[in-house]
1. Filter the stretch 34-53 down to residues that are assigned to a loop (DSSP other than H, G, I, E, B) and among the hydroxyl-bearing types (Ser, Thr, Tyr) and give me whichever is nearest to the chain's Cα centre (by Cα).
2. Which residue, of Glu129, Glu79, is outside any strand (DSSP E or B), within 22 Å of Ala153 (Cβ to Cβ) and at pLDDT below 95?
3. Would you pick out the residues in the stretch 246-257 that are at pLDDT 85 or above and either in contact with a His (Cβ under 9 Å, 6 or more places away or on another chain) or crowded, with 19+ Cβ neighbours inside 10 Å (or both)?
4. Val260: modelled with pLDDT under 90 and within 30 Å of Ile31 (Cβ to Cβ), yes or no?
5. Which one of these does Thr221 not meet: (1) among the polar types (S, T, N, Q); (2) in contact (Cβ under 8 Å) with a residue 60 or more places away in the chain; (3) in a helix (DSSP H, G or I)?
6. Collect the residues in the stretch 235-256 that are under 15 Å from Ala217 (Cα atoms) and either without any contact (Cβ under 8 Å) to a residue 40 or more places away in the chain or among the aromatic types (Phe, Trp, Tyr) (or both), keeping them in residue-number order.
7. Scanning for something more than 25 Å from Val186 (Cα to Cα), at pLDDT 90 or above, among the polar types (S, T, N, Q) and exposed (fewer than 14 other Cβ atoms within 10 Å of the Cβ), does the stretch 207-224 turn up at least one residue?
8. Cβ contacts < 7 Å: first residue at positive phi, restricted to the stretch 35-53; second residue not aromatic (Phe, Trp, Tyr), any location; separation 6+ or different chain. Result?
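The values are calculated or read from the model by the stated rules, or taken from the named source; none is laboratory data. None of the values given here were measured: they were computed from a predicted structure. Neighbour counts run over all protein chains shown; Cβ positions are idealised from the backbone, glycine included.
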Amino acid sequence: MHRVVALVRPVQSTFELGCAVEVFGTERAGIPRHYEFDVCAETPGPVPTTAGYSMVVRRDLSALASADTVLIPGWAPVEAPLSAPVRDALLAGHARGARLVTICSGVFALARTGLLDGRSATTHWARAEQLRREFPAVRVETGVLYVDHGDVATSAGAGAGLDLCLHLVRRDHGAAYAARLARHMVMPPHREGDQPPPPPPAPPAEALDGLLDWAAARLGTPLSVGDLAAHARVSPRTLARRFADQLGTSPGAWLLARRVAEARTLLEETNLPVEAIAARVGLGSALALRRRFRVLVGTTPGAYRRAFRAASPASGERSA
């Protein structure tokens, strides 16, 4: 049984800790359990949380000595230094082969051990510049969901922590098991670490005067960036500026991502062949869909459908 121990501190984020609990610490009927989960703190006892209540943590740092994975679910405030006992416990765990994993701001604690020097890491986009400034030896990646070096792994925002945890499950026990777990959690079966996270600060569709809804309803047509600009009654250059300002991406990249997202839905919910799905989402051919799907999702449409159905045998029974 793989032992995962989360190191918490005041004031602990309940969501970031909850991501780890959901993946590693929750028993689910019909799904074999491969992990033991525990929580520890430098000072056992009541630990305040961001939700306004305190949780009682009974284990101290000695719990890390038997951990296969040490998980740091956030570190607030990020400026808080590592105490010598915490630093020593993390370094000792790493030296004996434990995997060190951080969610969101937890990377600041890991960076203070020196284990990220000369390596890439990620965190929430709002903290990326601070991480670069305080730890110039760390290569900070902002366009990814997570970075996994095998012995250390970091995730972007708190939600990306779920993606990282499921990625680790996939690495430990295979895609089929991870897909079953993800399906039970009502999560996508798989998102690659280098898939860009949602851009900051994602506004609603009306921020572009309904253009996004209009385009989403016409994905099956040969829609171009010029068509988007014409519908918005602006030049392509002005449209590109608005997309960059409001969505943090380009019109072409948004349109492609939207088409691939629709293809994922059709792979999950219908029995349509890949060729038909490609036509329905405006990508023209199965070859074009496979190429773009692999770039954005990290796998092929066929493999994605198989992983999704391995998680839920009943899925895919409806055709369209």
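1. Let us first name the residues in the stretch 34-53 that are assigned to a loop (DSSP other than H, G, I, E, B), namely 34, 42-44, 50-53.
Then keep just the ones that are among the hydroxyl-bearing types (Ser, Thr, Tyr); that gives 43, 50, 53.
On the way: Thr43: 30, Thr50: 21, Tyr53: 27 Å.
Looking at the filtered set, the residue picked out is Thr50.
2. Details: Glu79 fails: within 22 Å of Ala153 (Cβ to Cβ).
It is Glu129.
3. Residues satisfying the conditions are Pro251, Trp254, Leu255.
4. Taking the combined requirement at face value, the residue satisfies it.
5. (3)
6. Initial filter on the stretch 235-256 (under 15 Å from Ala217 (Cα atoms)): 254-256.
Passing the criteria: only Trp254.
7. Among the residues of the stretch 207-224, not one is more than 25 Å from Val186 (Cα to Cα), at pLDDT 90 or above, among the polar types (S, T, N, Q) and exposed (fewer than 14 other Cβ atoms within 10 Å of the Cβ), which makes the answer no.
8. If the second residue must be not aromatic (Phe, Trp, Tyr), the pairs left are Gly45/Val56; Gly45/Val57.
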